[in-house]
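Asker: This is the structure I have questions about; it appears just below.
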Ligand SMILES: [Zn+2]
Ligand SMILES: [Zn+2]
């Protein structure tokens, strides 16, 4: 009877997360994500991922190289996705078809996956099984999958417990512990404690992206207060307000809507991705934004609305894409003069996000900010808290679930090794019960 954890993607880079758990002749895949820098580079070179096959995507490094399990593909019993971010779900519609197994995830995650596939003209051939957090499902003779409610920078995220006769593999990419998530469920600490007390947690794969940060990641409630402070504490009478944030951040968007209503402004969402993620959340009954928000998708709608806003700038609150200054995003196109709106002195622009620290984003954002600043607008940056836990969140997780072995996840060793300042204290020794995986590496546990 052997239990194995196999690193496929996300252990030599930040992105394309994919891990397999193998118990004898049964395998489950955990996450199946994109490596976004490769995709962005390809698309900026004029390519359209619609026309790429899984092989083509693999060649440019945009999806995980799953050849290590392809040879055993008939053993794969399920593909389980933790949450709706592209570095976890993006590749599932492309890679999934190689495996005769259902794709399992929470209702929101599955709805977003369907939407993304539809947008790319990819047909998902696997059975899609939406399962709510708190539920367990048997996927093979020996393996059960349990989804545990977890907080992150999107809703309906889950930690995944893989129950096998040799113990539990607990997968926590991505998580932070937030007891005031603003929207959605709190983390199911009780269940994690139960698992820990059972003594059955053999392996904990832990989101270690921010292991270098000696703190507890602040709650979403803090980001909400920061936003409130800017929206009510800086004089915006007579001026336009534009806000950007990550499009899948439903909690942040709900705070914006609430404050926009209090300011008596009509709330407008502009940009395809905002409409995509919000509509998916409405479809599964987690939000009801369209009651309060005018969601615009098409260029024609956006243009005519911007002309209206230009004449009555303090009657609206515009939530739009462009936090990363992506070339096709609304804010970028306004900055470039490609849309019919001109920022004026003292208009407000709130970046309720952080810049993803990769080259094109940093450069694009600097250009955009310079353009905007030259118009005399007021820029409010970093009105944001992260969705990834820091070292103190990780400490709580380890204390709760008491794993036999820890595998740092969500990055290469350069990023994740800071966990050692914690695990050393707790008695985990590198190479013994603290194990770094690589892509393509198999760890046999018994
Ligand atoms: Zn995430
Ligand atoms: Zn992630």
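The values are calculated or read from the model by the stated rules, or taken from the named source; none is laboratory data. Just so it is clear, the model here is predicted, and its values are computed rather than measured. Cβ placement follows ideal geometry from the backbone for every residue including glycine, while neighbour counts extend to all protein chains displayed.
So that you can scan it fast, the table gives a plain yes or no per residue for (1) within 30 Å of residue 161 (Cα to Cα); (2) surrounded by 24 or more Cβ atoms within 10 Å (Cβ to Cβ):
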position	(1), (2)
205	yes, yes
208	yes, yes
216	yes, no
238	no, no
253	yes, yes
258	no, no
264	no, no
268	no, no
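Asker: Would you please list the contacts, defined by Cβ atoms under 6 Å and residues six or more apart or on different chains, that run from a residue in the stretch 306-322 that is assigned by TED's automatic domain parsing to the domain that holds residue 354 to a residue that is exposed (fewer than 14 other Cβ atoms within 10 Å of the Cβ)?
Answerer: 314/238
Asker: Can you list the strands (runs of 3 or more DSSP E) lying wholly within the stretch 306-393 that have 1 or more residues being surrounded by 20 or more Cβ atoms within 10 Å (Cβ to Cβ)?
Answerer: Counting at least 1 such residues, we get 316-320, 348-351.
Asker: Test each condition in (1) more than 30 Å from residue 148 (Cα to Cα); (2) in contact (Cβ under 8 Å) with a residue 40 or more places away in the chain for residue 297 and report the one that comes out false.
Answerer: (2)
Asker: Let me ask something additional. Within the stretch 327-338, track down each residue that is under 21 Å from the mean Cα position of the chain (by Cα) and without any contact (Cβ under 8 Å) to a residue 40 or more places away in the chain.
Answerer: 328
Asker: Right, another one. So which of 40, 28, 21 ends up being assigned by TED's automatic domain parsing to the domain that holds residue 65, farther than 23 Å from residue 406 by Cβ, over 16 Å from the mean Cα position of the chain (by Cα) and surrounded by 19 or more Cβ atoms within 10 Å (Cβ to Cβ)?
Answerer: 40
Asker: Only one residue in 96, 61 is under 25 Å from residue 41 (Cα atoms), more than 16 Å from ligand 2 (Cβ to nearest atom) and touching a strand residue (DSSP E or B) at 6+ places or on another chain (Cβ under 8 Å), so which one is that?
Answerer: 96
Asker: Residues being out of contact with any helix residue (DSSP H, G or I) (no Cβ under 8 Å at 6 or more places or on another chain), within 16 Å of ligand 1 (Cβ to nearest atom) and in contact (Cβ under 8 Å) with a residue 60 or more places away in the chain: count how many of those fall in the stretch 67-126.
Answerer: Within the stretch 67-126, residues that are out of contact with any helix residue (DSSP H, G or I) (no Cβ under 8 Å at 6 or more places or on another chain), within 16 Å of ligand 1 (Cβ to nearest atom) and in contact (Cβ under 8 Å) with a residue 60 or more places away in the chain number 3.
Asker: May I pose another question? Within the stretch 135-152, can one find any residue that is surrounded by fewer than 17 Cβ atoms within 10 Å (Cβ to Cβ), under 23 Å from the mean Cα position of the chain (by Cα) and more than 16 Å from ligand 1 (Cβ to nearest atom)?
Answerer: yes
Asker: Does residue 182 count as more than 16 Å from ligand 1 (Cβ to nearest atom) and on the phi > 0 side of the Ramachandran plot?
Answerer: When the stated conditions are applied, residue 182 passes them.
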